[in-house]
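Trainee: Here it is: the structure, laid out below.
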Amino acid sequence: MKSLGIMRLSLAAVLSLYGAPFAFAADTMDINLQESVRLAMENNRTIKESAADLSAAEWNLKSARRATGVSLAWQGTANRVGGNRYESVDSNKSYTNNLTASYPLYTGGKNENTIDARRYATNAADLTLERTKQNIRYQTMQQYYRVLQTRNAIDVEEDSVRRLKVHLDNVNAQYRVGTVAKADVLQSQVNLANAEQNLVSAEAAYNVAQASLNNLMGVPTATKLNIKDDLRYNKYNLTEEACREYALKNRPDYLAALYSVKRAEATMEVAKAGYRPTVSAQVVKYLQGTKAFKEDADNYWTAGVSANWNIFDNGVTIANVENAKAALTKAKETLAKSEEDISLEVRQYYLNLLAAEKNIHTMKVAVEEAEENYKIYQVRYSAGVDTNLNVMTAEEKLNSARMNYYTALYNYNTYKAALDTAMGVPVDVSAYKYSAEEDKSHSLQKARVAGAIDKDVVFESPIKDENGNTAPAVPK
C-alpha cells in the first residue's frame, strides 16, 4: 500500500511538471468561411468515400474496355496413362499444353453496351462526387454560421448580465435609503442569476458549435477558432423561377439520375445480347508429350473463326431482359422524383429566405424600440414612478429582440446557402457543361475538361437576374 501511494504521488508530480501545461491546452486557428470549406473539401471522410466510389466505377469501365481486345489463355494437364495407349507409347505419363489467342469479332452488342453502361455509371459517379462536395460545403457553411450565431448569443447574454448588474446596484442603493422594497432586490437578484445561467449555456453552445465545425473540417475538435467574420445581410436578387430553371440544368444529382437511366437502357441491351450469337477469331497451339512441354506425342496449330449461339437457355435471357426492363422503369421513376424534389427544395428554401429577410428588417426595428423602451422604464423606475417588474420585463424583451435579430441573420445566411445548394451551384464541376459535352462527344475525358471550373468560384452563383445582378452564394 505504501509503495502504491508513492507511485501515485510520483505520477501526480510528473503530471504537474510536464502534463499540466499541456493537458487542457488547445491550438488556436485563424479561419474564415473560404478556408473552412477548403479544409472540409480536403479532409471530409464522406467526400473520400464518394471519391472511392468514383475510382471503382473507373476501374469497371477499364475492365469493360479491355474485354474488347485480344486475350491469351494457357491450359495445361498432367495425367497418368494406362491401357492400350500406355502399351503403344511405352509411357505411363501424358502432358498437354494448349495456348489460345482469341479476339471478339461480334458479341451481339454485349461488349459495346457494357462499355456504354459503365461509362454512364462513371458519369454518374463524377456528378455524385460533385454533389457530395456541394452538400459538405453547405454543411460547413451552415456550421460556420452557427458558430457566428452562438458567438452573437454570448454577446447578447453578456450585455444582459451587465445591464442587470447595473440595475441591481441601482435597486440596492434605493433599498438602502428606503425608497424600494426588499422584494425588488430579490427579484433583481433572481433575474441576474437567470441571465448568468443563460450566459453559461450560450458559452457551452458556442464551444459545441466550434467542435462541430472542426469535425467537418477534419481538424481536432478541441481547436479554438478565431473568426473575424460577422453575420451580414446581402440581398438575394434572383427570382424563384430563375433558381428553379438553373437547378434543373445544373443539379449534379439530377443529371446523375439521368445517366442512371441511360445506364439502365444500355444494360438492357446487354441482356438482349443473349439472344444473338457470338463470333471470335482464334489461334491455337497444341502440344502433347510424355514430359512437360514436350511434343513427342502430338503437335499442331489452328487459326480460324469460332461462332457460338445459345439457341435455348431455358428462359435465362428472357428473365435477364425483364429484370433489366424493371431496373429501367425504376431509374425513370427516380429521375422523375428527382425533378419533383428539386422543384420543392428550391421553393422551400426560397420562401424561407424571403421570410428570414423580412424578419431581419422587422427585428432590427424591434431592437431599436426595445432599447428605447428599456431606457424609459429605467428612468421611470429611478424616479419612483414605475415598478421593478416593468423594468425586468423591458429588459427581457430587449434581450429577446436582440437574440431574434441575430437568429434572423443566421437563418437568412443559412437559407441562402441552402438555396445555392438546392440549385447546384458548383464546387469543382459545372454539371451543365459536363453533361453537354458528354452528350456531344460521348467522351469521359472531354466531359471532365469541359466541366472543370476555376477553384475561385466556389462561393459565387454564376447566374444573374433580369437586371444583371449576380446573387452571391455567401456574404462577402
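Trainee: Given Cβ point charges of +1 (Lys, Arg) and -1 (Asp, Glu) and nothing else, what value in debye, to the nearest 20, does the dipole of region 230-316 about its Cα centre take?
Mentor: In total the dipole reaches around 180 debye.
Trainee: What is the mean projected area of the alpha carbon convex hull for region 169-311, to one decimal in square nanometres?
Mentor: Value for region 169-311: 27.2 nm².
Trainee: Could you give the angle, 0 to 90 degrees to the nearest 10, between helix 240-250's Cα long axis and the longest principal axis of the Cα atoms of the chain?
Mentor: Tilt of helix 240-250: around 30 degrees.
Trainee: Can you find, among T290, A195, T421, the residue sitting farthest towards the positive end of the charge dipole of the chain, where Lys and Arg contribute +1 and Asp and Glu -1 at Cβ?
Mentor: T290
Trainee: Considering only the other residues whose Cβ falls under 12 Å of the Cβ of L231, what net charge follows from Lys and Arg at +1 and Asp and Glu at -1?
Mentor: Once all neighbours under 12 Å are counted, the net charge is +1.
Trainee: Show which lysines lie in cross-link reach of K93 when reach means a straight Cα distance below 17 angstrom and same-chain residues fewer than eight apart are skipped.
Mentor: Filter leaves K291, K294.
Trainee: If you don't mind, another one. Divide, for region 95-168, the radius of gyration over alpha carbons by 2.2 N^0.38 Å, where N is the residue count.
Mentor: Scaled against compact globular proteins, the figure is 2.81.
Trainee: Evaluate the charge dipole of region 402-442 about its Cα centre and quote only its size in Debye, nearest 20, assuming +1 on the Cβ of each Lys and Arg and -1 on the Cβ of each Asp and Glu.
Mentor: 340
Trainee: Of the peptides 271-283, 134-146, 378-390, how do they stack up when ordered by the mean number of other Cβ atoms within 10 Å, highest first?
Mentor: 134-146, 271-283, 378-390
Trainee: Where does the chain land at 222 nm, in deg cm²/dmol rounded to the nearest 500, when only DSSP H runs of n ≥ 4 count, each adding -39500 (n - 2.57), divided by all residues?
Mentor: Roughly -23000 deg cm²/dmol at 222 nm, from the helical runs in the chain.
Trainee: Next up: Run down the lysines and flag those whose C-alpha is under 16 Å from the C-alpha of K330, throwing out any fewer than 8 positions away in its chain.
Mentor: The reachable lysines, counting only those whose Cα sits under 16 Å from K330, are K262.
Trainee: Same structure again: Applying a 10 Å radius around every beta-carbon, put 400-407, 249-256, 182-189 in order of their mean neighbour count, most first.
Mentor: Order by mean packing, descending: 249-256, 400-407, 182-189.
Trainee: In addition: Please tell me which of these pairs span more than 19 angstrom C-alpha to C-alpha: K249/K337; K110/K272; K133/K337; K133/K440?
Mentor: Cα-Cα > 19 Å for K133/K337; K133/K440; rest within.
Trainee: Could you state the angle between the C-alpha long axis of helix 316-382 and the longest principal axis of the C-alpha atoms of the chain, as a value from 0 to 90 degrees rounded to the nearest 10?
Mentor: So the inclination is approximately 10 degrees.
Trainee: So which lysines can K446 reach, going by Cα to Cα under 18 Å and dropping same-chain residues fewer than 8 places off?
Mentor: List returned: K62, K433.
Trainee: So what's the gap between the Cα centers of region 400-456 and region 356-371, to the nearest angstrom?
Mentor: The two parts, judged by their Cα centres, are 31 Å apart.
Trainee: Using the Cα centre of region 190-279 as the reference point, and only Cβ charges (+1 on K/R, -1 on D/E), how large is the resulting charge dipole? Debye, rounded to the nearest 20.
Mentor: 520
Trainee: If you don't mind, there's one more thing I want to ask. Projecting each Cα onto the charge dipole of the chain (Lys/Arg +1, Asp/Glu -1 at the beta carbon, about the Cα centre), which of L444, V385, N207 comes out farthest on the positive side?
Mentor: Checked the options; the winner is L444.
Read the figures in this text as sums done on the coordinates, not as results from a lab. Quick caveat: nothing in here was measured; it's all calculated off a predicted structure. Every residue, glycine among them, receives a Cβ derived from its backbone with ideal geometry; neighbour counts consider all protein chains shown.
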